[in-house]
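Structure first, commentary second.
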Amino acid sequence: MDKVEVGVISPGPEFSAVVRQAARELDLGVTLREGSPEKALAVVREWETGGRVGVVVATGDTAEALKKQSALPVVGVEPGPLDIAQALTLARSARPRVVLLDRRRRPPRHDYERIAAVAGVACEVRLYSEAGELEALLPETDGVAVVAVWAPAAVVAAGRGLPVVGVAIGPEVVREAMQKAADIFRARRRDIRLCQSLHAVLTNAYDGIMAVERGEITLFNPVAEKITGLAAREVLGRPVASVCRTNAACRALWGDGTPVADALIYLGELPLVINRRFGPVGPDSTATLVTFQAADKIRRLEVRLRQQLHQQGLVAKFRF
């Protein structure tokens, strides 16, 4: 089986080292890129076209942005409660007062009051929605250490001359994210291979096959193309009613869309046996599957079968 390949957008060398260790432990292939969040999308676009990387791991805002723009699945990594508690403890050893800066999320990702209580550190939590709000949130007094959950807060606080403790994402959290990415990669690969196998079966089937879901044609195999004279690219995604208005063969095959079994129709002088039936294609959707085959082909198969049975001595004898 091909090795899982995870693409990781890393915020820095420390995170990269933790990722490499997790990849070794989990026996995963990893493609690492360090750099600014602004360049992350360009990197992921390369991975999309390269075909080797199957899933992306990124941190914080970078992950959220990529989830909206990337065709690859993205696993976000954020500091865990233990990571935050360790940062609070370190900050408290440096200054008597601690202010924690984090992005505002709904619902909140962490119960900071409980984390601080477990760490035995009294801290003031200040949340921001945009980086432009950080200057106003920074403490003015001396004797304060800032715990910055994300890099933008650390940069602004350091620029003010305040002691800053960044929250490092621990190996347990990274390992969990890498395992999740591997699970997604394998599930996605199974789905792709299943689709490829199904496509091969449908493409090489002797029957004509057309599927209609939510009123639109979603499957049109080569035999259907030959019978109707329509190319799949011309009909896929189009409303079946629209296609039927302009194509008599498709109109005859679709009929009124109701289920039928072994119905005989004629396209000119060509007799076809058609079946239409409903079937589930998802948790909340059904499709109508239309299959059809030349009636004379069925008759030839029946004749051939009777000949084979006769040759094997399987002949019915009647007494009156």
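Derivation of every value follows stated rules applied to the coordinates shown; laboratory data play no part. Worth saying up front: this structure is predicted, and the values here are computed from it rather than measured. Cβ: placed from backbone, ideal geometry, glycine included. Neighbour counts: every protein chain shown.
Bridge orientation summary for the chain: considering DSSP beta bridges with both residues in this region, about 50 percent are antiparallel.
Here the label points at residue 246 and residue 24, each 7 Å from Cα along the C-beta direction, are separated by 6.1 nm in the simple model. Subtracting the Cα-Cα distance of residue 97 and residue 197 from 0.36 nm times their residue separation leaves 29.8 nm of extension gain. Taking the C-alpha atoms only, the angle from helix 171-203 to the longest principal axis of the chain is near 10 degrees.
So how many Lys-Lys pairs in the chain land under 29 Å Cα to Cα, not counting same-chain pairs under 8 apart? Lysine pair count for the chain: 11.
In this rough spin-label picture, where each label sits 7 Å from Cα along the Cβ direction, the residue 129-residue 179 distance is 3.7 nm. Label reach from residue 39 (point 7 Å along Cα→C-beta): in the stretch 120-163, amide nitrogens under 20 Å belong to 151-152, 155. Distance between the pseudo-spin-label points of residue 118 and residue 68 (7 Å out from Cα toward the beta carbon): 3.1 nm.
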